[in-house]
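Since the structure comes first, as C-alpha cells, the remarks are kept for the end.
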Amino acid sequence: MSFWFLLGLLVKIFVVVNVLLGAVAYLIYVERKVAAYAQDRIGPNRAGREFGIPFGLLQPLADGAKMLLKEGVVPSYVNRPLYILAPLIAIAAALLAVAVVPFGPVGPNQYIDFQIAPNVDIGILYIFAVSSLVVYGVILAGWASNNKYAFIGGLRSSAQLISYEIPLGLSIMGIVLWTGSLDLNAIINWQDHHVWGIFASPIGFLIFLVSAFAETNRLPFDLPESEQELVGGFHTEYSGMKFGMFFLGEYVHVITVSFLTVILFFGGWDLPFLLDQEQTGFVSALAKFFAIIVKVTLMILFIMWVRWTLPRFRYDQLMDLAWKSLIPLAIVNLVATAVIVQMLRS
C-alpha cells in the first residue's frame, strides 16, 4: 500500500464523514420545514436573522450547540460501560456501512473513484452485515438502562429490526439474479446497459421500500420511538450527546438506504441518453456525481413526505405485515425472478 493511496483514502474518509454529519444537521432542518409545510406552519426561520442570514439557516448550528452543551446525565442505576457503548455501536455501524457506497462512477478508466472502498465484490452483503449491528446498540441501550420500560422498548425495537431484515434481504435478490453480482458498481453498470432495477424487479422495489422504512424507524414504522406516546422507548434514559448519537445514526441510516434505493432500482448515476459507462472524463465524472446526489436527495424528501403524511401502524399490524405479507411475497418474487432469468439465459 503506497503512501499516496493511504493519504487519498484518509482524505476520502475525512471528507465523507464530515459531509455526512453536516448533511444530517441540515436534513433535520429540511425535515422541520417539510413538517411545517404539511401542518400549515412556518417552521424554523429565526436563527441567523441577526447576522443577515435568511430562512433560519443557522438553526442546525444552534441545535448542534444545544446538544453538545446539554448536561450528560448518567443515572446511577445503569450498567455504565454498556450504557455508554450502545450509542457508540449505533453511530459506528451507520458510518461503517457508507464505506462501500459509490457516490459516483468507479472504475479503472475513471478520473476519480467516488467510493471509500472500491472493488468490493460483496458490497451489498457488507452493508447488510454492518447495518444489522445496529440492533446490538438498541438492545444494549434498553438492557443497560436497568429500566423495565426501556428494556421492553429495546425488545420491541429489536424484534422489529430483525423481522424486517428478512424481506429487505430477499427483496434485493431479484436484482442480484439479474445482474449476477453483489458489487454495487456492477449493478449500476448492468442498469446502464439494460434497464433500471425498478423495471426489472418492481415487486422487489416495493418490498425493499416498505422494509427500508421499517429498518430506519421512519413513520409509519417508528414504533421504536413513537414520540407521542412512548417518550423514547429504548433510549428513554439517554440525554445530551449520547441521545444525539442515536439520532445521528438513524439519519445516516436514512441516507445510506436512500443511496441503496437509487443504486439498486434507479440506475445510480445513470441517466438514459445522457450518461453512460463509456464516459470517463472529469466533466462526466462530476455529472454522474451530481446525478446520483440529486436522485438521493429526491428519495430523502420522499421519505420525509411519507413521514408527515401517513399515520403509524399498530405494533401487531407492523409484525403481521412483515411475517404474513412481505416475507411470503418476497419469496414468491425471488422464485419467479429466478425462473424468468433462467428462461432468458437458456
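The values are calculated or read from the model by the stated rules, or taken from the named source; none is laboratory data. All values reported here derive from a predicted model rather than from experimental measurement. No Cβ is skipped: glycine too gets one built from the backbone with ideal geometry, and neighbour counts run over all protein chains shown. These area figures cover heavy atoms from the full protein model, side chains too; ligands, DNA and RNA do not enter into them. Shrake-Rupley method; radii C 1.70, N 1.55, O 1.52, S 1.80 Å.
In a shell of Cβ-Cβ distance under 12 Å around V24, excluding V24 itself, what net charge do Lys and Arg (+1) and Asp and Glu (-1) give?
-3
Taking springs between alpha-carbon atoms closer than 10 angstrom, which of D222, D270, D63 fluctuates most in the Gaussian network model of the chain?
D63
Can you give the convex hull volume of the alpha carbon atoms of the range 236-346 per residue, in Å³?
Values: hull volume 20.9 nm³, N = 111.
Expressed per residue, the convex hull around the Cα atoms of the range 236-346 is 188 Å³.
State, to one decimal in nm², a quarter of the convex hull surface area for the C-alpha atoms of the chain, i.e. the direction-averaged projected area.
Averaged projected hull area, Cα only: 20.3 nm².
Compute the orientation-averaged projected area for the range 277-333 from the convex hull of its Cα atoms and round it to one decimal in nm².
Dividing the Cα hull surface by four gives the mean projection, 6.5 nm².
As an exercise, identify the chymotrypsin sites (Phe, Trp or Tyr not before Pro) in the range 75-141 lying in DSSP coil whose Cβ has no more than 11 other Cβ atoms within 10 Å.
Filter output for the range 75-141: Y77.
Can you give the local net charge around L318? Use residues other than it whose beta-carbon is closer than 13 angstrom to its beta-carbon, Lys and Arg +1, Asp and Glu -1.
With Lys, Arg at +1 and Asp, Glu at -1, the net is +1.
Show that you can apply the helix-only estimate: for the chain, add -39,500 (n - 2.57) for every DSSP H stretch of four or more residues, divide by all residues, and state [θ] at 222 nm to the nearest 500.
That calculation yields -21000 deg cm²/dmol at 222 nm.
Given R₀ = 51 Å, what would the calculated FRET efficiency be for A36 paired with S346, taking r from the Cβ atoms and rounding to 0.05?
On the way: r = 56 Å, r/R0 = 1.09.
Calculated value: 0.35.
Within the chain, which complete DSSP H helices have Cα atoms spanning at least 20 Å along the helix axis and a mean Kyte-Doolittle hydropathy of -0.5 or higher?
Membrane-span-like by this criterion, though nothing is claimed about a membrane: 3-38, 80-96, 148-171, 240-265, 282-307, 327-345.
In square nanometres, what is the average projected area of the Cα convex hull of the range 79-131?
Seen from a random direction, the Cα hull of the range 79-131 projects 4.2 nm² on average.
Among A47, A86, A287, whose mean-square fluctuation peaks in a Gaussian network model of the chain (Cα, cutoff 10 Å)?
Top of the fluctuation ranking is A47.
Counting only protein heavy atoms and a 1.4 Å probe, tell me what percentage of the chain's accessible area is made up of carbon and sulfur.
72 percent
Using Stokes-Einstein with the Kirkwood hydrodynamic radius over Cα pairs, what translational diffusion coefficient do you get for the range 14-120 at 20 °C and a viscosity of 1.002 mPa s, in µm²/s rounded to a whole number?
Rounded to a whole number, D works out at 123 µm²/s.
Give, in nm to one decimal, the length gained when the segment between R49 and L6 is fully stretched (0.36 nm per residue of separation minus the Cα-Cα distance).
11.2 nm
Averaged per residue, what accessible surface does the chain expose to a 1.4 Å probe, in Å²?
With all protein chains present, the chain gives 50 Å² per residue.
Any idea how far apart L88 and A65 come out in nm if each label point goes 7 Å out from Cα toward Cβ?
Placing both labels 7 Å beyond Cα along the Cβ direction yields 2.9 nm.
Need one number: the % of Cα-Cα pairs in the range 132-281 sitting beyond the 21 Å mark.
Looking at the range 132-281, the distances longer than 21 Å represent 51 percent of pairs.
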